[in-house]
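> Dropping the structure in here first, questions after.
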Amino acid sequence: MPITTDQTRPGVTEVVIDHPPVNALDVAGWFALADAVVAAGRVADTRAVIVRAEGRGFCAGVDIKEIQARGDEALVGANRGCYAAFAAVYECEVPVIAAVHGFCLGGGVGLAGNADIVVASEDATFGLPEVDRGALGAATHLARLVPQHRMRSMVYTAQTATAAELHRYGSVLRVVPRSDLLAAARAVADEIATKSPTILRRAKESLNGIDPVDVRRSYRFEQGFTYELHVAGVADEQRAAFVEKRDADTSR
């Protein structure tokens with residue numbers, strides 16, 4: 001299973017992504033992640049949820065090969081699965097901590113951007129390769145991690161930002177050696193877990209209520225352009241080039 005749940009300490013549940021080689025989730029994986037986060041938040045004595053990953057990096061986004069193989073069905077499924085997973089993190093009844101190592105790309109940014117707290121390892125990088133993959137989306141969530149103009153440059157160029165850069169912006173709470181990442185995330189969760197579960201849940205609800213951007217509607221708007229590019233045929237070339245490991249035709 002690409003998604004597992006573990007509770008090794010009082011009041012804290014860990015949702016773990018483990019889908020080699022790069023934690024690029026297929027449609028079923030995104031929905032499984034959403035279900036796991038929602039379920040963890042609904043447990044009465046849970047006070048914090050950690051979303052973390054095994055392997056080379058946190059998350060490389062959607063499974064491009066699945067979309068190429070299954071076409072419209074997989075694209076719509078990936079859109080809905082990502083929407084469900086990002087919303088699950090945002091709407092989880094308790095604070096969610098994203099423990100990010102290695103690459104955090106595409107859907108990974110959606111998860112981290114919607115988390116309440118991000119702790120990252122020194123080797124963590126964040127980015128949206130969507131323009132190079134014939135898609136759009138998660139700029140909504142990247143804008144919660146970096147300033148507006150930096151977000152735009154990252155979208156247009158597909159450049160990544162380091163954990164140290166995000167720490168300077170204040171969107172990453174702590175940057176630690178990779179070997180210390182899990183301990184750092186657990187330390188934050190343990191501190192939160194000393195608080196009243198009822199008050200924490202109302203605090204989460206109140207903070208979501210004062211957000212200046214509705215992340216669900218904003219992300220859904222972005223997704224519409226992904227499908228438009230798919231229908232126009234432009235996305236097919238970008239995805240095919242990625243799967244075939246060649247340069248894409250960017251003439252249109």
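> Looking at the stretch 34-49 only, could you name the residues that are buried (at least 18 other Cβ atoms within 10 Å of the Cβ) and more than 9 Å from Cys92 (Cα to Cα)?
Hits for the stretch 34-49 are Ala34, Ala36, Thr46, Arg47, Ala48.
> Give the residue, chosen from Glu122, Glu73, that is surrounded by fewer than 23 Cβ atoms within 10 Å (Cβ to Cβ), over 28 Å from Ala241 (Cα atoms) and either among the small types (Gly, Ala, Ser) or out of contact with any Cys (no Cβ under 6 Å at 6 or more places or on another chain) (or both). Spell out how you get there, then give the answer.
Details: Glu73 fails: over 28 Å from Ala241 (Cα atoms).
Answer to the check: Glu122.
> Looking at the stretch 45-59, is at least one residue basic (Lys, Arg) and in a helix (DSSP H, G or I)? Write out each step before concluding.
Initially, the stretch 45-59 is screened for residues basic (Lys, Arg), giving 47, 52, 56.
The next check asks that each one be in a helix (DSSP H, G or I); those that pass are none.
No, every residue in the stretch 45-59 fails to be basic (Lys, Arg) and in a helix (DSSP H, G or I).
> Of the residues Asp132, Asp123, which single one is over 22 Å from Met1 (Cβ atoms) and part of a loop (DSSP other than H, G, I, E, B)?
Working: Asp132 fails: part of a loop (DSSP other than H, G, I, E, B).
After applying the criteria, what remains is Asp123.
> Answer yes or no: is there a residue in the stretch 96-109 that is within 30 Å of Lys245 (Cα to Cα), hydrophobic (A, V, I, L, M, F, W, C), part of a helix (DSSP H, G or I) and at pLDDT 95 or above.
Taking every residue of the stretch 96-109 in turn, at least one turns out to be within 30 Å of Lys245 (Cα to Cα), hydrophobic (A, V, I, L, M, F, W, C), part of a helix (DSSP H, G or I) and at pLDDT 95 or above.
> Take the conditions within 19 Å of Thr140 (Cβ to Cβ) and in contact with a His (Cβ under 7 Å, 6 or more places away or on another chain) and apply them to Leu75. Does it pass?
Values: within 19 Å of Thr140 (Cβ to Cβ): yes; in contact with a His (Cβ under 7 Å, 6 or more places away or on another chain): yes.
Taking the combined requirement at face value, the residue satisfies it.
> Restricting to the stretch 162-174, name every residue that is under 25 Å from Ala203 (Cα atoms) and in contact (Cβ under 8 Å) with a residue 40 or more places away in the chain. Before you say what the answer is, go through the steps one by one.
Just the residues of the stretch 162-174 that are under 25 Å from Ala203 (Cα atoms), to begin with: 166-167, 169-174.
Matches in the stretch 162-174: Leu166, His167, Ser171, Val172, Leu173, Arg174.
> Additional query: Suppose the filter is part of a loop (DSSP other than H, G, I, E, B), touching a helix residue (DSSP H, G or I) at 6+ places or on another chain (Cβ under 7 Å) and not basic (Lys, Arg); does Val155 pass it?
Numbers: part of a loop (DSSP other than H, G, I, E, B): no; touching a helix residue (DSSP H, G or I) at 6+ places or on another chain (Cβ under 7 Å): yes; not basic (Lys, Arg): yes.
So Val155 fails the test.
The values are calculated or read from the model by the stated rules, or taken from the named source; none is laboratory data. The structure displayed is predicted, hence computed values, not measured ones. Using ideal geometry, Cβ is built from the backbone for each residue, glycine included, and neighbour counts are taken over all protein chains shown.
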